[in-house]
Amino acid sequence: MSSSAKDVATLDIAWVRQQFPALNQTVNGQPAVFFDAPGGTQVPQRVMDAIVNYLASSNANTGGAFLTSRNTDQIIANARAAMADFFNCAADEVVFGANMTTLTFAFSRAIGRELKSGDELLVTCLDHDANVSPWVCLEERGAKVRTADIKPGDCTLDMFDLSAKVRRSTRLVAVGWAANAVGTINDVNEIVRLAHDAGAMTFIDAVHYAPHGPIDVRALDCDFLACSSYKFFGPHLGILFGKREQLQRLRPYKLRACTEKLPDRWETGTQNHECLAGLVATVDYIADVGRHHNSEVKTRRQAILAAYEVFQQHERELTEQLISGLLAIPGLTFYGIKDPSQFDRRTPTVAIRMEGRTPRELATHLGERGIFTWDGNYYAINLAERLGVQESGGMLRIGLAHYNTAEEVERLLTELRGLAK
Ligand SMILES: Cc1ncc(COP(=O)(O)O)c(C=O)c1O
């Protein structure tokens, strides 16, 4: 399948789906529908193969003078190169860790070492707690944490409030690229600009954005950006981009045995080598989607960008179908952007409530019919509180990925229409 520069090819959904064995599962005789992507996506067969192959033929610790250890060193270097293409940065600016939360705590502790009383940090009301609590913990060191509000009508950030809270005393602005609860894509370019104008660093949580949109840390000019590969079709790992000068300047908590080399000084203990092998296969899967749909791409980076074009076009169609279908159901409350002209400001993740049913009841009903959705606050605690749903079970989250289909969306809508009667 090919495309010209202007026309984006239609996603070859059969080709995509045949790569994900998990999609063939059934529940009570019905095909499973994975609408739990913001909690974690499914993985292509090649990712599983890479993990198994590593354990079968290269399993060792690093830095040894023998084959399996050298293989391991090479796999880690390959994973760094793959993520450098994914982020558009240098390989020594890529830091691996257990998950995004652990990496964020490591960086908040290091940043805390240089804070003075009266310094301010800015978080938002829209974000997952992993980009909130690691900064709030720094109040112990005398820092003051401010919270940028949202516009509750469409769950977008109140940029007026945010810009008023970025001041000369602000040391860091921590913000999500996209909201895991309601799908809002934030204007991170503008937020980085505001922060830098005030002399503050920026820490971007790209966990929810990464499966849906391309990341270019050079263009964004952020200081730090963290994501998790299990949200973009890979294994359970956290990955962080840090600007080289920041990675050199800040002082990590580390062992004496760990060198001062970049990025090693930020990677504590032994890494998850098998998952790093899987991560290489994950990035190559995404790049192969690009190559499959656009024969003109040359580099892996270009192929990754081409993949996101087809992901976004496909997800946009599903979003239109899903949201217009949901809005026609009586008794349903919809949280987030619902105006189609604004859909480039959202991911295919939506949150709803239905009159007379708790989110858990909805998720259970759907789950029994093989449709996997999430209920609760999904750790977007500030948001659930701000929307007044924290005490009553949160919301039902329907989170799509590029491997979902129009038929699956229709099945969900049929079930919800039935429940609304
Ligand atoms: C937006 C967002 N940020 C951060 C996290 C935390 O990621 P991890 O599980 O890798 O610590 C999640 C996980 O759900 C998330 O959705």
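Computed from the coordinates by the stated procedures, all read-outs in this text should not be read as laboratory data. These numbers come from a predicted model, not from an experiment. Here the Cβ positions follow ideal geometry from the backbone for every residue, glycine too, while neighbour counts run over all protein chains shown.
Placing +1 on each Lys and Arg Cβ and -1 on each Asp and Glu Cβ, with no other charges, gives region 212-261 a dipole about its Cα centre of roughly 280 debye. Counting only DSSP beta bridges with both residues in region 61-206, the antiparallel share comes to about 20 percent.
Under the classification rounded if a/c is under 1.5, otherwise prolate if a/b is larger than b/c and oblate if not, where does region 43-200 fall, given a ≥ b ≥ c as square roots of the Cα gyration tensor eigenvalues? Write down the numbers at each step before the final one.
Numbers: a/c = 2.70, a/b = 1.90, b/c = 1.42.
Prolate.
Length gained on full extension, residue 236 to residue 221: 2.7 nm, using 0.36 nm per residue less the C-alpha separation.
Only helices reaching 27 angstrom along their own axis (Cα) with mean Kyte-Doolittle hydropathy no lower than -0.5 count here, and for the DSSP H runs of the chain these are 67-87, 273-293, 300-327.
Determine the calculated [θ] at 222 nm for the chain from helices alone, applying -39500 (n - 2.57) to every DSSP H run no shorter than 4 residues and normalising by the residue count; nearest 500 deg cm²/dmol. Each step should come with its number before you reach the end.
Working: 14 runs with 163 residues, N = 421.
So the helix-based figure for the chain works out to -12000 deg cm²/dmol.
Which value, in debye to the nearest 20, gives the size of the charge dipole of region 160-208 about its Cα centre, when Lys and Arg are +1 and Asp and Glu are -1 at the Cβ? Write down the numbers at each step before the final one.
Details: 5 positive and 5 negative charges, 53 e Å.
With Lys and Arg at +1 and Asp and Glu at -1, about 260 debye.
Taking max minus min of the alpha-carbon positions on each principal axis, region 332-421 gives extents of 34, 31, 23 Å, largest first.
Give the shape of region 371-421 as rounded, prolate or oblate, defined through the alpha-carbon gyration tensor: a ≥ b ≥ c are the square roots of its eigenvalues, a/c under 1.5 means rounded, and otherwise the shape is prolate if a/b is larger than b/c and oblate if not. Taking the square roots of the gyration eigenvalues as a ≥ b ≥ c, region 371-421 is oblate. Run the paramagnetic zone check for residue 90: 7 angstrom along Cα to Cβ, then residues of region 259-286 with backbone nitrogen under 16 Å. Label zone hits: 260-266.
Within region 111-173, report the trypsin sites (Lys or Arg not before Pro) that DSSP leaves as loop and that have at most 13 other Cβ atoms within 10 Å. If you can, show how the numbers build up before the last one.
Details: sites: 113, 116, 141, 144, 146, 165, 167, 168, 171; in loops: 113, 116, 167, 168.
Answer by residue number: 113, 116, 167, 168.
Shown here for region 164-267: chymotrypsin sites (Phe, Trp or Tyr not before Pro) in loop regions (DSSP other than H, G, I, E, B) with at most 16 other Cβ atoms within 10 Å, namely 253.
At 37 °C and a viscosity of 0.692 mPa s, what translational diffusion coefficient does Stokes-Einstein give for the chain, taking Rh as the Kirkwood radius over Cα pairs? Give it in µm²/s as a whole number.
On the way: Rh = 22.2 Å.
After rounding, the answer is 148 µm²/s.
With the simple spin-label model, which puts each label point 7 Å out from Cα in the Cβ direction, the residue 190 to residue 406 separation comes to 3.4 nm.
Region 190-260 and region 92-118 have Cα centres lying 10 Å from one another. For region 225-302, GluC sites (Glu not before Pro) are listed when DSSP marks them as loop and at most 10 other Cβ atoms sit within 10 Å of their Cβ; the list is 260.
Between the residues 138, 239, 125, the greatest Cα displacement towards the positive end of the dipole of the chain, with unit charges on the Cβ of Lys, Arg, Asp and Glu, is found for 138.
How large is the charge dipole for the chain, taken about the Cα centre, if only the Cβ atoms of Lys, Arg (+1) and Asp, Glu (-1) carry charge, to the nearest 20 debye? List each step's numbers first, then the result.
On the way: 44 positive and 50 negative charges, 186 e Å.
Once rounded to the nearest 20, the dipole reads 900 debye.
Note on region 315-421: dipole from Cβ charges, positive end direction compared against 378, 324, 403; the farthest Cα belongs to 378.
Tell me whether region 61-109 comes out rounded, prolate or oblate; compute the Cα gyration tensor, take square roots of the eigenvalues as a ≥ b ≥ c, and use a/c under 1.5 as the rounded threshold. Oblate, since a/c reaches 1.5 and b/c is not below a/b.
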